[in-house]
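Chemist: Below you'll find the structure I mean.
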Amino acid sequence: MSTAEEARPAVKRESTAGTGEEEFILVGFPDVNGSIRGKALRPAAFQSALRHGTVMTDLLLALDPTDTPISDYTGFGIRSGAGDLLVHPDPTTLHDLTWRPGWKVCLATPSWPDGSRCELASREVLRSVLDVLSELGYEALSAVEYEVRVFDSESRPLSSGLSYSLSELGGFEGFVRALAPALEALGVELSAVHTEAGPGLLELNLGARPALRAADDAALTKMAVKDLAATMGLRASFLAKTAPGEEGSSGHVHFSCWRDGANAFRVADAKSELPAVFRSAIAGVVEHLPAASLLLNPTINSYKRLVPGWFAPVNATWGVENRSCAVRAIVRTDHPELCRLECRRPGADANPYLAIAAIAASAADGIKRELEPPDPIVGDAYTRSDVLELPGSLESALIAFESDDVLQAALDPRFSDYFATSRRWEVKAFRETVTEWERDRYMRTV
């Protein structure tokens, strides 16, 4: 790992005139759910946006996953007339879309009409949290690993569900061959892929980067995977739990703190204890996990994945190289730059900016207070009845989040209220829904 921001690949400026490949630049920012929303600009309009910004409706801050306006917001969105945001493209994030010749994508930063930063925007929430960590003297490196389900045009999974199967990777060959250069053009390092223990389940390992860049990589990866799959007649899904009795889709986050070009989490040798800053970061993450679950597991479906026996953590635990725990301390004495913590709680459905922000804010609190973690778990954490159980539903996670004043403050109270409102909207929508399971289970007998 390197703490230096890696240079992004230069974007070729070859003309597309006369080729039938008209150039557009997709300019957008991640919404509360992590989806990149925006519009396609022609080159001249994009150059103007670089100088002056472009406008987009503030309704983009107030849409649920079905595109229904969240009417509980009063200061912006549908109830205030859906006014404008001023959106400035970040030219360092400009990249080609290999599967759409002549098209590019550029992430952007939204501001309120008066020019003040939009504290509700996911990317800005993470940026603010990282600024606090920087004030403590640390830079965060992070990486996300995604488990995505891929189906063919007839909704058949591309694999039978054997984990780490070299032969079953063949079912994904065409997709992976197209995905690797697509991610490379986006500046994303795809270090490895392997099958997982669920039909059609493929794990993507992304390279470690400075945390904001890591979140950009993750968001662009999700966009690329779904869009590229669609152009190939496939369907890709990051839903946390697709079917009962099968492994869910995780979005594990790897995290380390660096100072003066060195990994502050490094462990000298096998006999050494974890450094104090490493232990404090773990302690902070474990302490705030109940509340952080709202951001790490942000949907009703998220909690279907979080059941014992499927390598999805259910209690506030940590352990050294223990995959049954919520936080896994990874120790590589032969490669100290690789020492890090892995938070295994997030699902693939989490907004990567908010997931990393929650972990970074929790770690920063632990470091600032010099917390000591509880004893590490040895053996199967699922069998432990003496540790704190994590929220098992979106509603219980909402209660835990609203009880954690420290985490809410670290994320900005205005954002915390905004995000909690969006999750209450989800809880309300589910309460008003009658599922097929309920009809099948009760209609004949009650």
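Chemist: Over region 339-446, what is the mean sequence separation of C-alpha contacts under 8 Å (at least six apart), divided by residue count, expressed as relative contact order in percent? Please report the intermediate quantities before stating the final value.
Modeler: Working: 24 pairs, mean separation 26.4, N = 108.
Taking the mean separation of contacting Cα pairs over the length of region 339-446, I get 24 percent.
Chemist: Mind listing the Cα extents of region 166-301 along all three principal axes, in Å, largest one first?
Modeler: Taking max minus min along each principal axis of the Cα atoms, region 166-301 gives 50, 34, 29 Å.
Chemist: For region 102-252, what is Rg from Cα atoms divided by 2.2 N^0.38 Å, rounded to two decimals?
Modeler: Details: Rg = 17.5 Å, N = 151, 2.2 N^0.38 = 14.8 Å.
Region 102-252 yields a ratio of 1.18.
Chemist: Please report, as a whole percent, how much of the solvent-accessible surface of region 71-123 comes from carbon and sulfur atoms (probe radius 1.4 Å). Provide the component values of the computation, followed by the final result.
Modeler: Details: 1130 of 2120 Å².
For region 71-123, the apolar C and S fraction of the accessible surface comes to 53 percent.
Chemist: Counting only pairs 8 or more places apart or on different chains, how many lysine pairs in the chain have C-alpha atoms closer than 20 Å?
Modeler: Close lysine pairs found across the chain: 10.
Chemist: D for region 318-446, whole µm²/s, Stokes-Einstein with Kirkwood Rh over alpha-carbon pairs at 37 °C and 0.692 mPa s: what number?
Modeler: For these conditions, the coefficient is 185 µm²/s.
Chemist: Moving on. Got a sec? Which residues in region 274-308 would a label at T68 touch, if it sits 7 Å along Cα→Cβ and we count backbone N under 17 Å?
Modeler: 299-301
Chemist: Right, next: Can you give me the accessible area per residue for the chain, using a 1.4 Å probe, in Å²? The partial results should precede the final answer.
Modeler: Numbers: 19080 Å² over 446 residues.
Value for the chain: 43 Å² per residue.
Chemist: Hey, another quick one. Counting alpha carbon pairs within less than 8 Å and at least 6 residues apart, what relative contact order, in whole percent, applies to the chain? Don't skip to the end; give the middle numbers.
Modeler: Details: 946 pairs, mean separation 69.2, N = 446.
In percent, rounded to a whole number, it is 16.
Chemist: Starting from the Cα gyration tensor of the chain, multiply each eigenvalue by 5, take the square root, and state the resulting semi-axes largest first in whole Å. Mind showing how you got there, number by number?
Modeler: Values: eigenvalues 200, 141, 129 Å².
They are 32, 27, 25 Å, listed largest first.
Chemist: Taking 7 Å along the Cα-to-C-beta vector as the label spot, tell me the E438-I399 distance in nanometres, rounded to one decimal.
Modeler: Roughly 2.0 nm, to one decimal.
Chemist: Given a 10 angstrom Cα cut-off, can you work out which residue in T317, T333, T98 is the most mobile in a GNM of the chain?
Modeler: Top of the fluctuation ranking is T333.
Chemist: Along the charge dipole of region 394-443, which of V434, A420, L394 sits closest to the positive end, that is, farthest toward it, with unit charges on the beta carbon of Lys, Arg, Asp and Glu (+1, +1, -1, -1)?
Modeler: With unit charges placed on the Cβ atoms, the residue in question is V434.
Chemist: Over region 24-127, what relative contact order in percent results from Cα pairs under 8 Å that are six or more residues apart?
Modeler: The normalised contact order for region 24-127 reaches 28 percent.
Chemist: Work out which helices of the chain, taken as complete DSSP H runs, extend at least 15 Å along their axis over the Cα atoms and score a mean Kyte-Doolittle of 1.0 or more, then list them.
Modeler: Span-like helices in the chain: 276-296.
Chemist: How large is log10 of I(q)/I(0) for region 95-176 at q = 0.11, 0.22, 0.24 Å⁻¹ when the intensity is taken from the Debye formula with one equal scatterer per alpha-carbon?
Modeler: Computed log10 I(q)/I(0) values: -0.65, -1.07, -1.15.
Chemist: Give me the compactness ratio for region 144-187, meaning the Cα radius of gyration over 2.2 N^0.38 Å.
Modeler: Numbers: Rg = 11.7 Å, N = 44, 2.2 N^0.38 = 9.3 Å.
So region 144-187 has a normalised radius of gyration of 1.26.
Chemist: Right, another one. Under 11 Å from the Cβ of Q408, count the other residues' Cβ atoms, weight Lys and Arg +1, Asp and Glu -1, and hand me the total. Don't skip to the end; give the middle numbers.
Modeler: On the way: positive: R414; negative: E402, D404, D405, D412, D417.
Spelling it out: positives minus negatives among the neighbours equals -4.
Chemist: OK, next. Please report the base-10 log of the normalised intensity I(q)/I(0) for region 16-85, using a Debye sum with one equal scatterer per alpha carbon and no solvent, at each q in 0.17, 0.18 (1/Å).
Modeler: -0.71, -0.76
Chemist: Considering only protein heavy atoms and a 1.4 Å probe, what is the carbon-and-sulfur percentage of the accessible area of region 332-433?
Modeler: On the way: 2300 of 4580 Å².
Answer for region 332-433 is 50 percent, counting heavy atoms of protein chains only.
The values are calculated or read from the model by the stated rules, or taken from the named source; none is laboratory data. Here the structure is a predicted model, which means the values were calculated and not measured. Reconstructed Cβ throughout: ideal geometry from the backbone, glycine too, with neighbour counts over all protein chains shown. Only protein heavy atoms, including side chains, enter the accessible area calculation; ligands, DNA and RNA are left aside. Shrake-Rupley method; radii C 1.70, N 1.55, O 1.52, S 1.80 Å.
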